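Each remark here refers to the structure printed beneath this line.
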Amino acid sequence: MNTENRYHWPHKDLLDVTQLSRHDTLHLLDLAASFQEINTRPVKKVPTLKGKTVVLFFVEDSTRTKTSFDVAGKRLSADTFALGKSGSSLNKGESLKDTALTLQAMSPDVIVIRHSSSGAARYIADLMPSGVVNGGDGWHAHPTQALLDCFSLRQAWDNIFEGRTLLILGDIAHSRVARSNIHLLTSLGVRVRVCAPRTLLPAGVDHWPVEVYTNLEKAMRDVDAAMCLRLQLERQQAGLLPDLAEYSRRFCLGLGHMELARPGAKVLHPGPMNRGLEISDDMADASASLVLNQVAAGVATRMAVLYLLATRNDGGRA
Ligand code: CP
């Protein structure tokens, strides 16, 4: 661990990576590394969070984030339960506020929320004394995705961020993953490039701390890693892309692009993937692909997040 024993996690909630100091981030990543070993044991359970309750409040669909928080909580012996839109009184018109206050009345220690509206996680966090984790809110932020990506890259890059170059490729405009990763990785010294058609780059991107490309071949030159983003087909109703075949021809990452990158370069994708659209089938399954490492990293990273938030007031166990 590169953090001193007396370190105390200062945050009630984890809403956005912008709230994290470099010290917070490295402490969390070190803690996740120490939890990773538990996931390889024959008996994958320790009593660390016995007696703690974690609520998974997912108002928007999820596979990876929801299940990995569930697994993370259970591996630390927390009691976890899930509430979604389907099957809850949100479907009868109950408000987000009343639903959150109802959950709070059951005295959870941590609530993980995913919502389609940017700002929903902060709204909930301001209402309740429990720790709140943003599991993704609109286009705004997805802090645990950025932390697990950072964890995966740290392992692939032998703990060295400075001097590395990462390309983020695809639908930058609508991506909370891109926003969180750009902030977190640049804060650790990584040079970040983005590449997309102009219609999928956000207004103001020229003021972001990134290099902007619209040509994939140029963008891939000498990168240490490329992160493909899901083309959010459900958000493409506004005619931002005239032709998916044309998009795929220009922006789908394939094995041939890796020859432009640095030797040993890696490929990431937060999932779910549109194979053949933003990433080719053989690229997704290649040895350079960290996609499944990211999923495994998600469990270890979310164990660390739950531990830090759930034990924050327990006398400095972190
Ligand atoms: N990466 C990610 O957030 O995946 P899910 O939508 O499946 O949780």
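The values are calculated or read from the model by the stated rules, or taken from the named source; none is laboratory data. Being a predicted model, the structure only gives us computed values, none of them experimental. No Cβ is skipped: glycine too gets one built from the backbone with ideal geometry, and neighbour counts run over all protein chains shown. The area values use the complete protein model at the heavy-atom level, side chains included, leaving out ligands, DNA and RNA. Shrake-Rupley method; radii C 1.70, N 1.55, O 1.52, S 1.80 Å.
What the table below lists for this structure:
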item	result
Any chance T186 is surrounded by fewer than 24 Cβ atoms within 10 Å (Cβ to Cβ) and either assigned by TED's automatic domain parsing to the domain that holds V133 or modelled with pLDDT under 95 (or both)	no
When residues of region 1-53 are limited to those that are aliphatic (A, V, I, L, M) and part of a helix (DSSP H, G or I), the one farthest from the chain's Cα centre (by Cα)	I38
Count of residues meeting criterion [among the aromatic types (F, W, Y) and more than 26 Å from R114 (Cβ to Cβ)] in region 3-56	1
Filter result for P209 (under 23 Å from W139 (Cα atoms), loosely packed, with under 14 Cβ neighbours inside 10 Å and more than 16 Å from the ligand (Cβ to nearest atom))	yes
Tally, over region 80-92, of residues that are open to solvent by 90 Å² or more (accessible area, probe 1.4 Å) and in contact (Cβ under 8 Å) with a residue 12 or more places away in the chain	1
Candidates P209, P197, filtered to the one that is in contact with a Ser or Thr (Cβ under 6 Å, 6 or more places away or on another chain) and without any contact (Cβ under 8 Å) to a residue 60 or more places away in the chain	P209
Those residues of region 266-290 which are part of a helix (DSSP H, G or I) and surrounded by fewer than 17 Cβ atoms within 10 Å (Cβ to Cβ), in sequence order	D281, D282
Qualifying residue in region 291-304 (condition: away from the ligand (no atom under 16 Å from the Cβ) and open to solvent by 40 Å² or more (accessible area, probe 1.4 Å))	no
Residue in region 2-14 that is under 17 Å from N313 (Cα atoms), without any contact (Cβ under 8 Å) to a residue 40 or more places away in the chain and not assigned by TED's automatic domain parsing to the domain that holds T80 present	yes
